[in-house]
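The structure's right below; bear with me while I get my questions together.
The values are calculated or read from the model by the stated rules, or taken from the named source; none is laboratory data. The shown structure was predicted, so the numbers you read here are calculated from the model rather than taken from an experiment. FYI the Cβ positions are ideal-geometry reconstructions off the backbone, even for glycines, and counts take in every protein chain you see. Note: accessible area is taken over every heavy atom of the protein model, side chains too, but ligands, DNA and RNA are not part of it. Shrake-Rupley method; radii C 1.70, N 1.55, O 1.52, S 1.80 Å.
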Amino acid sequence: MVESAVVSNGLDGIVVAETRISEVDGLRGKLIICGHDSEELAFNSTFEQTCSLLWTTGGTQPTSQSDLEQKFGEGRIEAYELLKKNPFVLQQSHPMDALRTATSLMSSATQIDWAEYARITAAQAVFAANWSRVHRGLELSCPDASLTHSADFLRLLKDKPVSKTDSDALDVYWTTISDHAMNASTFTARVVASTESDNISAVVAAIGALKGPLHGGAPGPVLEMLNEIGSPENAESWIRNAIDSGKRIMGMGHRIYKVRDPRAAIFEKAIRNLEASGVPASRLALARSVEAQAKKILAQKHPDHPLKANVEFYTAVLLDTIQIPDHLFSSMFAAGRAGGWLAHVAEQRLHGRLIRPASRYTGAMPH
Ligand code: ACO
C-alpha cells in the first residue's frame, strides 16, 4: 500500500462503483430506484414489476410481465421441490442460516438473465415461508404458481385466503427495500460477482452479510423492544436505561441518512392504508412515541451524530400489522433485497472489474 493513502475504516465516503440502479441522498432523505422516487414506485408497482425494472436497469434483456410472473411461479415450485428433497435445511434454528443453506443448494451459473434471477429471487420467499411453517409444527406447503408472488407468500405462510390489502402492503414493503445503493450486503454480492463467481454464490454471501444486527437483523429486536416497553409512558426510561447500559437502540441511526430514513415514512403510510381498510395496527402509536423519545435522547447523547429512525423501525410495525411472525423479518428483507442484489450482480459483471481494496499493514516486520 502507498504510505500516504488514507485508511477509511468502514469505507466511509469511498465510491466503489458507478450505478444506474439506485441513489441514496442521505442529507435530503431521498431514495431513487431506477429513476423513480421510491414512494411513487412503492405504491404503484408489484414486486415482480420492480424486479423487472431493477434487472433491465442492471443489464438483462427486457421481458413481458406475464413471462416474468410465470418464471416467478415456476421458481417457487422449483424451490418447494428442493425443500422436499432436502428437508434437513429447514431444521436449522436460525431462519437466515436456513435461507443461506437452502439457496446454496440451488444450481447456478454466471449468466445475466432475468429468468435465472426470477427463479433465485422467487425461491427466497418459499424458503422463508416454509421455514416458518416447519418451526410452527406445520407441514411444507406447495406454492400456487398462478398467484402473484406476494399473495402466494402470504398464503404459504398463513394457510388461508389472502386479502388484496395485505398483499398490496407486502408489495409496498418488498419494492421499498428492493435496493439501497452500496449497502453492506449489496457490496458483498458485487465483490463475489467481481471474481466471476456464480450468481448463487453472490446471493449466499449477501444473505450472510444481511443477517447481522447492524444491517438486516434489526427489525426483530425492534419489535422485542416495543413489546418490552409496552406503553408510551415507559418509553423514556426504557430508552435511557438501554443507552446508559451501552446498548444500541435498534432501528435508529444510519450510515448514510442524516435525516429520517424516507422508507420509514413509506411504511407509516402503508400502515395507515391498512388501518383505513380495517386492519388494526396495534403498535403504531407506541412506535411513534418510542421513536420520538429515542430521537430526543440520542440527540442529547450524540449531538454531532444525527441518529434518526431507519427502515427497520417501521419494518417491524408494518410486517407485524400484516401478521408476519417476527422470526421471519430478516428473511423477508432478503426475499425482497435479492431483486437488488441480482441487478447489481448484472451491473458488476457488465461494467465492473475485480474489487480488491488495499490495507495498511500494522504488524511486525521480519528482522
Ligand atoms: N443507538 C445508540 N447509539 C448509537 C446508535 C443506536 N442505534 N447508532 C449509533 N450509535 C452511536 C454509537 O454507539 C457510536 O457512539 P460512540 O461514538 O460514542 O462510540 C456513534 O453513535 C457512531 O456509531 P457508528 O457505529 O460509528 O455509526 P454508523 O453510522 O456507522 O452506524 C448503524 C450505523 C450501524 C446503522 C448504527 O446506527 C446502528 O448500530 N443502529 C442500530 C442497528 C440498526 O438499526 N441497524 C439497521 C440499519 S438499516 C439497514 O441496514 C437496512
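Would you point out the residue of segment 217-238, among those that are within 11 Å of the ligand (Cβ to nearest atom) and part of a loop (DSSP other than H, G, I, E, B), that is modelled with the highest pLDDT?
Once the filter is applied, the top-ranked residue is G217.
Return the total of residues in segment 157-180 being part of a loop (DSSP other than H, G, I, E, B) and open to solvent by 30 Å² or more (accessible area, probe 1.4 Å).
5
Restricting attention to segment 284-299, and to residues there that are open to solvent by 30 Å² or more (accessible area, probe 1.4 Å) and of a type in the set (A, V, I, L, M, F, W, C), which single residue is farthest from L223 (Cα to Cα)?
Step by step, filter segment 284-299, then rank; the result is A299.
Consider I32 carefully, then state whether it is in the same structural domain as E139 (by TED's automatic domain parsing) and among the β-branched types (V, I, T).
yes
Go through (1) in contact with a Gly (Cβ under 8 Å, 6 or more places away or on another chain); (2) in contact (Cβ under 8 Å) with a residue 60 or more places away in the chain; (3) charged (D, E, K, R) one by one and return the number of the condition R353 breaks.
(1)
Okay, next question. Exactly one of (1) over 18 Å from the mean Cα position of the chain (by Cα); (2) within 16 Å of the ligand (Cβ to nearest atom) is unmet by T175. Its number?
(1)
Just to be sure before I move on: is E275 loosely packed, with under 15 Cβ neighbours inside 10 Å, of a type in the set (D, E, K, R) and within 22 Å of L328 (Cα to Cα) in the structure I sent?
Here the answer is no, as E275 does not meet what is asked.
Further, regarding this structure: For segment 258-305, enumerate the residues that are of a type outside the set (K, R), within 12 Å of the ligand (Cβ to nearest atom) and more than 29 Å from T165 (Cβ to Cβ).
Selection gives A294, I297, L298, A299, Q300, H302, P303, D304, H305.
Determine the pairs where a residue that is among the polar types (S, T, N, Q), located within segment 19-36, has a partner that is crowded, with 20+ Cβ neighbours inside 10 Å and assigned to a strand (DSSP E or B) with Cβ atoms under 9 Å apart, the partner being 6 or more residues away or on another chain.
Partner pairs satisfying both residue conditions: S22/L31; S22/I33.
Find the residue count for segment 236-248, including only residues that are under 27 Å from the mean Cα position of the chain (by Cα) and surrounded by 11 or more Cβ atoms within 10 Å (Cβ to Cβ). Please lay out each step first, then the result.
Taking segment 236-248 as the starting set, the residues that turn out to be under 27 Å from the mean Cα position of the chain (by Cα) are 239, 242-243, 246-248.
Applying the additional criterion that residues be surrounded by 11 or more Cβ atoms within 10 Å (Cβ to Cβ) yields 239, 242-243, 247-248.
So the count comes out to 5.
Output the residue which, of all residues in segment 257-267 that are open to solvent by 10 Å² or more (accessible area, probe 1.4 Å) and out of contact with any Leu (no Cβ under 9 Å at 6 or more places or on another chain), is farthest from D304 (Cα to Cα).
A265
One line per residue, one yes/no per condition, for (1) surrounded by fewer than 24 Cβ atoms within 10 Å (Cβ to Cβ); (2) basic (K, R); (3) part of a helix (DSSP H, G or I):
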residue: V134; (1), (2), (3): yes, no, yes
residue: A151; (1), (2), (3): yes, no, yes
residue: R155; (1), (2), (3): yes, yes, yes
residue: M182; (1), (2), (3): yes, no, no
residue: S185; (1), (2), (3): no, no, yes
residue: V192; (1), (2), (3): yes, no, yes
residue: S201; (1), (2), (3): yes, no, yes
residue: H215; (1), (2), (3): yes, no, no
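So which pairs qualify, if the first residue must be in segment 105-119 and farther than 12 Å from E78 by Cα, the second must be open to solvent by 20 Å² or more (accessible area, probe 1.4 Å) and among the basic types (K, R), the Cβ gap must be under 8 Å, and the two must be at least 6 apart or on different chains?
T110/R349; I112/R349; W114/K71; A115/K71
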